[in-house]
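A quick write-up on the structure given underneath.
The values are calculated or read from the model by the stated rules, or taken from the named source; none is laboratory data. Keep in mind it's a predicted model, so treat the numbers as computed, not measured. As a convention, Cβ positions derive from the backbone with ideal geometry for all residues, glycine included, and neighbour counts pool all protein chains shown. Note: areas computed on protein heavy atoms with side chains; ligands, DNA, RNA excluded. Shrake-Rupley method; radii C 1.70, N 1.55, O 1.52, S 1.80 Å.
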Amino acid sequence: MARMRDDDLGLARLRVRAAWLFLAPTLAVLAVVAGWPLLRTIWFSFTDAELIDLENYRFIGFANYLEYYEGEWLGLLADPAWWRAVWRTVWFALVSVSIEAVLGMVVALALNARFPLRGLVRAAILIPWAIPTIVSARMWAWMLNDQFGVINHALLGLGILSEPVAWMADPDLAMWAVVIVDVWKTTPFVALLILAALQMLPADCYEAARVDGIHPVRVFFRVTLPLIRPALIVALIFRALDSLRVFDLIYVLTANAAGTQSMSVYARQQLVDFQDVGYGSAASTLLFLVIALLTLSVVLLGRLRLGGESTR
């Protein structure tokens, strides 16, 4: 018995060693491609570096983040524009991901049913997700144009609007327009993950529910939703992290408009437009910390949940 236990431990160590050997090249590339720029960005956030001359700078500590100078708080954490960008990004993430979850579930349930040309419809539904974000944003920018956009033309023809609407000029309408474009593009991604989970569900559960005469709505909430919850959570986590770092969609649609700035757009403006590498690096570092802490929290909660379930 002890010999079998030792053999199992040896096999487990061998598998772990083999896994690390396979992962080593990927980790090395990530360290060079992602690790070094990240460390350099964090370092610059503690300096007064400027884009015009990156070689000459000095260490200023946390002054880019927060500093009390002549009776006034300065720095990123005291900048109202930064906090507006944070709130705007969080609002965008909550609204867009919530809508995508509902629509993705509806689309996945529809695609999971049997109907003619189901394979063709499944392929067609992925087209918005396959289109590059910049192309999608530019296409929707033309469609939402207040003078010759097809959206205004259609709404005017239906009598919903009495005059053309400048979707990108009004900050409130512009953010909702960005949400609509994001939902159109990324709902297929959420639907694809949920559909994959639906395809793995055991058919006997539904046969038993059908025999017992249970209403389909009750079956969905009592059987389907609990079984696909892991896939749904994974999809929402990916989308939440992606939404928190949104840049290209907002920048192409509204450029540097103050009313639609996300955290990434704000950091880019400081880095490129104002050429303040230290201040922009501080904004980028805080954005990284927000996403990293969210990811770490989700991973730890997942482990605690799995550990709690395994002890029952």
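Take every pair of alpha-carbon atoms less than 8 Å apart whose residues are at least six positions apart; their mean separation over the length of the range 81-275 yields a relative contact order of 36 percent.
For Phe247 and Val90 in one chain, what is 0.36 nm times their gap in residues minus the Cα-Cα distance, to one decimal in nm? Could you put the intermediate results ahead of the total?
Details: separation 157, 0.36 × 157 = 56.52 nm, distance 1.33 nm.
Extra length from Phe247 to Val90 when fully extended: 55.2 nm.
Summarising the amide proton neighbourhood of Glu50: residues at separation of 5 or more, or on other chains, whose placed amide H is nearer than 5 Å comprise Val277. Stretched out straight at 0.36 nm per residue, the stretch from Leu300 to Val106 would grow longer than its current Cα-Cα span by 66.8 nm. Taking all protein chains together and rolling a 1.4 Å probe, Arg245 ends up with roughly 130 Å² accessible.
Computed extension gain for His215 through Gln199, at 0.36 nm per residue and net of the alpha carbon distance, reaches 3.7 nm. Carbon and sulfur: what percent of the chain's accessible surface (1.4 Å probe)? Here it works out to 69 percent.
A simple spin-label model places pseudo-atoms 7 Å from Cα toward Cβ; at Trp36 and Ala258 they are separated by 4.0 nm. Thr133 sits with roughly 40 Å² accessible to a 1.4 Å probe, with DNA, RNA and ligands left out of the calculation. In a reduced charge model with +1 at each Lys and Arg Cβ and -1 at each Asp and Glu Cβ, the chain shows a dipole moment near 1780 debye about its Cα centre. Each residue of the range 105-120 is assigned a 3J(HN,Hα), and the resulting list reads 5, 4, 5, 5, 5, 5, 6, 7, 6, 8, 7, x, 6, 4, x, 5 Hz, derived from the Karplus form 6.51 cos²θ - 1.76 cosθ + 1.60 (θ = phi - 60°), x at Gly and Pro.
Among residues other than Ala49 with Cβ under 14 Å from its Cβ, the summed charge is -3 (Lys and Arg +1, Asp and Glu -1).
The Kirkwood radius of the range 167-279, taken over pairs of alpha-carbon atoms, gives through the Stokes-Einstein law at 37 °C and 0.692 mPa s a diffusion coefficient of 191 µm² s⁻¹. Trp73 sits with roughly 150 Å² accessible to a 1.4 Å probe, with DNA, RNA and ligands left out of the calculation. Accessible-area rank, largest first, for Met143, Met200: Met200, Met143, with all protein chains present and a 1.4 angstrom probe. Paramagnetic label reach from Leu227 (point 7 Å along Cα→Cβ; backbone nitrogen cut-off under 17 Å): within the range 191-211, residues 193-211. In this structure the range 121-209 gives 56 Å² per residue of accessible area when probed at 1.4 Å with all protein chains present. Distances between placed amide hydrogens fall under 5 Å for Leu74 paired with Glu67, Tyr68, Tyr69, all partners being 5 or more residues away or on another chain.
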